[in-house]
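The values are calculated or read from the model by the stated rules, or taken from the named source; none is laboratory data. Computed from a predicted model, the values in this text were never measured in an experiment. Please note: Cβ atoms are built from the backbone with ideal geometry, for glycine as well, and neighbour counts cover all protein chains shown.
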Amino acid sequence: MSARRLSPLWVSLLMCGLTGCPGPGERAEAPASLERAHELERGDPAGAARLYEELAAASAGNDRNALLLHAAYDQLLAHRAEEAARVLALLQGELNADQATERALLNVHLALERGARDEAARQLAALAEPQNPALARQYRELKARTAAAQPRHGLGPRLTPNTEAGPHLALLLPLTGRTAAAAGSVRDGFLTAYYQSSPEDRPRLRVYDTGAQSVAEALAEANQQGAEFIVGPLTREEVTAAAQTPTANSVPILALNFLPAEQAPPAAFFQYALSPEDEARAAAHRVLADHHRRGIALVPAGDWGERVLAAFRQELVAGGGDLLATAQFDAARTDYAAPITEVLRISDSTARFKRLESVLGTKLQFEPRRRGDIEFIFAPAQAKTERLLRPQLRFHYAGDIPTYATSEAFEPELRANEDLDGLMFPDMPWILGGELVDAVRSAAHEAWPSGGPVRGRLFAFGFDAFRLAQALRAHPPAASVHVSGLTGELSLDAERHVRRELGWAQLHNGELRVLANGDSNST
């Protein structure tokens, strides 16, 4: 299951239950321990589980059960199956419908974690797909995981054992550990492309788990066993480590992330990533192509927001645009009024009004106004945050300004996206559709017992990684490489970075509308 799961949505609902939902203009203040537990999920799920269990001990009824369910999930995320089973046994009383469904799904997850694939499949077969969008997404992810553990028609890890030396294509992924879910999605996409290729073009393939051994050890083992081309590793830290090993100078590598800008890559080191910075640059290009020059940016505080903003600003200014003002907001909150009013200068309007009332000595009718020189807004954020941010921009008189984001703003669940109406963002064909997408979905639905993969971007990333590896293996390093993929039109630049050309979309009544180059972008 994805590490993101329903955590952001669930936590926001739980905060409302424990502390009361904020009214207009109020800032939500969640208990510090709950906020801390949510923060820990990003890197220490076992620690988060302990905090959720402590909170459950001080709660009762549905709140207690909700906290315990979340603790059990985080124990599973930390690969602590018996601890998860212990926590699930603490549930008391009657669960509501969604909680009962979540418990059943966690039991499936628990069976998979224990290696009991058949039992997991049996339990999952007894469940109907939930109506709740978040639980439905969890259900589909479990179906994909169950199918990947015992695939039909070869779409899965039916690979040559890592004990027999010989020429092969090596795939390095952290299939155990905290990034196992993401790595599993990449692997599923990679193997789907592998088994859909013609047998005569299919290299021998071996998978190396960088969660069970270091990157240096995995690279050395692959090299000793005769790897002719290496795909991976996945995380930024792993890619940095890979570039520093001797193997990186002897075997071509397609790394599945980008090196830091200051680190020079080895000679045959290619880099491919779903980069939010690249999407920010694409957003700047789109802004300029839509004949907008002057605008503002509103980004989440932290490293992600800073990197995305820097990339957007650089590309916008290089193309003749001007970023009039920027503001950061705390994505852990639910009320972004302060940074919005600051960047829109609504507070200036209010201050002028108060001065005028003071001078005249009388009460006046007043409606705050935003600054009038803004032609666009760049407001990238994760989907759960964007669904809060976009309505607040409308509330603060900015709903008519063309607003751009990156693909993180959109999750392909139509019922959850009505609040994003008018938002424009770049995205990959796997989300927007196309002939290749239809062909891959049809083949995957036929081959997977679960009905095929969900619309996860990491699945598409893995699919294209195999096709890129094949293209790179077939051409000398200096040759031009172009691949029409699920993640975009892919090409290689002079620094051996894979660049993606993306399509554009806008949301109307919660539904996705693909934009052509000449489409109107009115909100």
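Data for the structure
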| read-out | value |
| --- | --- |
| Residue selected from the stretch 447-487 under the condition among the β-branched types (Val, Ile, Thr) and in a loop (DSSP other than H, G, I, E, B), by the criterion modelled with the lowest pLDDT | 454 |
| Pairs with Cβ under 9 Å, 6+ apart, first in the stretch 88-106 and assigned by TED's automatic domain parsing to the domain that holds residue 127, second part of a helix (DSSP H, G or I) and of a type in the set (Lys, Arg) | 88/103; 90/64; 91/64; 91/103; 92/64; 93/64; 95/103 |
| Among the residues listed as 359, 317, the single one being more than 25 Å from the chain's Cα centre (by Cα), more than 22 Å from residue 408 (Cα to Cα) and modelled with pLDDT of 95 or more | 317 |
| Contacts under 6 angstrom Cβ, first residue in the stretch 191-202 being of a type in the set (S, T, N, Q), partner buried (at least 22 other Cβ atoms within 10 Å of the Cβ) and assigned to a loop (DSSP other than H, G, I, E, B), 6 or more apart | 192/155 |
| Qualifying residue in the stretch 157-164 (condition: modelled with pLDDT of 80 or more and in contact with a Lys or Arg (Cβ under 6 Å, 6 or more places away or on another chain)) | no |
| Matching residues in the stretch 69-128 - criterion: being surrounded by fewer than 21 Cβ atoms within 10 Å (Cβ to Cβ) and among the acidic types (Asp, Glu) | 82, 83, 94, 98, 113, 118, 119 |
| Search result, residues across the stretch 381-421 that are closer than 15 Å to residue 298 by Cβ and assigned to a loop (DSSP other than H, G, I, E, B) | 381, 382, 396, 397, 398, 399, 401, 402, 405, 406 |
| Verdict on residue 279 being of a type in the set (D, E, K, R), crowded, with 23+ Cβ neighbours inside 10 Å and within 26 Å of the chain's Cα centre (by Cα) | yes |
| Qualifying residue in the stretch 147-155 (condition: crowded, with 20+ Cβ neighbours inside 10 Å, assigned to a helix (DSSP H, G or I) and at pLDDT below 85) | yes |
| Residue selected from the stretch 493-516 under the condition among the hydrophobic types (A, V, I, L, M, F, W, C) and in contact with a helix residue (DSSP H, G or I) (Cβ under 8 Å, 6 or more places away or on another chain), by the criterion surrounded by the most Cβ atoms within 10 Å (Cβ to Cβ) | 498 |
| Residue within the stretch 277-284 that is farther than 21 Å from residue 501 by Cβ, out of contact with any Phe, Trp or Tyr (no Cβ under 6 Å at 6 or more places or on another chain) and of a type in the set (Asp, Glu) present | no |
| All positions within the stretch 57-78 that are part of a helix (DSSP H, G or I) and over 20 Å from residue 97 (Cβ atoms) | 57, 71, 74, 75, 76, 77 |
| Selection status of residue 297, in contact with a strand residue (DSSP E or B) (Cβ under 8 Å, 6 or more places away or on another chain), free of Cβ contacts under 8 Å to residues at least 60 places away in the same chain and more than 21 Å from residue 457 (Cβ to Cβ) | no |
| Close pairs (6 angstrom Cβ cut-off, 6 or more residues apart or separate chains): within 14 Å of residue 417 (Cβ to Cβ) in the stretch 379-394, outside any helix (DSSP H, G or I) and of a type in the set (Asp, Glu) anywhere | 383/411 |
